[in-house]
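Report on the structure given below.
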Amino acid sequence: MNGFHYYYSKSSLSYDANKGVSWIDYDKLGNPIRVQFTDHSITEHVYAADGRRLKTIHRTSIPQSTPLGIGVTAALPSSQTQSIDSVDYVGSFIYEKGQLKRYMFDDGYLKLYTNTFSPRFFIKDHLGNNRIVTDGSGTILQNTNYYPYGGMTSISTGQGEQQFKYNGKEYDPMHGLNEYDYGARQYDPARAQFTTMDPLCEKYYHISPYAYCGGNPVNASKLGAEYFDNHYGTGAAGHQPNDENYFDIESFRNNKQTRYTNDRSYRNYNSHFLLSHPKVCFWDFIIF
């Protein structure tokens, strides 16, 4: 706890005075459902039972003479509302203000108009960051350069074209929030931290429950212990020790004769061999 950030009893970010966030309300699953800003603006989110975001509403206040205090919430009546922007997520389709605007696919999206569409393509780096967006003719429409933890540099151009950027995650700049939606948690690139705790943090106590990539964003891009364990580790559904995708991280970490190497392999010095594993690429968990 300090003068700028505060984590309440459920260990989620409650307010951020640096960004003018006076209070954040969460649902029972830890999803932020209402973000109150000191300028009286409000952002609201709607989620499905499985945690998928279904809708976002940005309510922008007219200029107010008195800002809200930290920890204070207030309704925004229509007479004091400057604009209301909404985004609906229906599978791969994105609606803005009720109008179908985009169809997302792995390497880009279709920008949809009334009677036609225009393709957009992502050029990504090794971490899956969308660095360049082009149209069908190859014309660059957006060029984004990142700091290691996801902040965007001043030489980035065309930032209004689309908001899926660092790691391909959606960025929300409205009202100065400047956070990425990672699905399971919200990520703040300015602090290089998630705003809520990793549900499996007790299994990896040597890593901060709010840490992003264990402090190594140049080589890793995944969420945290929860993602690793559920997808590739001992908690992965259907993964057995003889499965090529199975990786027992606990046995790996407890083996004192094992060392992680720079080529994303591990060497067992008892047997003197180098064994590559396609799933061992989350450097944040391999810390001895």
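General observations
- Here the condition is being in contact (Cβ under 8 Å) with a residue 40 or more places away in the chain and assigned by TED's automatic domain parsing to the domain that holds His45; of Gln186, Gln163, Gln159, it holds for Gln186 alone.
- Criterion violated by Glu226 - all others in (1) under 30 Å from Tyr15 (Cα atoms); (2) at pLDDT below 60; (3) more than 15 Å from the chain's Cα centre (by Cα) satisfied: (3)
- Criterion: β-branched (Val, Ile, Thr), free of Cβ contacts under 8 Å to residues at least 40 places away in the same chain and surrounded by 11 or more Cβ atoms within 10 Å (Cβ to Cβ) - qualifying residue of Ile70, Ile62: Ile62
- Any hit, segment 42-59, residues being crowded, with 16+ Cβ neighbours inside 10 Å, not basic (Lys, Arg) and not in a strand (DSSP E or B): no
- Segment 106-117, residues that are loosely packed, with under 12 Cβ neighbours inside 10 Å and either assigned to a strand (DSSP E or B) or small (Gly, Ala, Ser) (or both): none
- Residue match in segment 84-104 (condition: out of contact with any Leu (no Cβ under 8 Å at 6 or more places or on another chain), surrounded by 13 or more Cβ atoms within 10 Å (Cβ to Cβ), more than 22 Å from Asn31 (Cβ to Cβ) and in contact (Cβ under 8 Å) with a residue 40 or more places away in the chain): no
The values are calculated or read from the model by the stated rules, or taken from the named source; none is laboratory data. These numbers were taken from a predicted model, which means no experiment stands behind them. Virtual Cβ from ideal backbone geometry, glycine too; neighbours counted across all protein chains shown.
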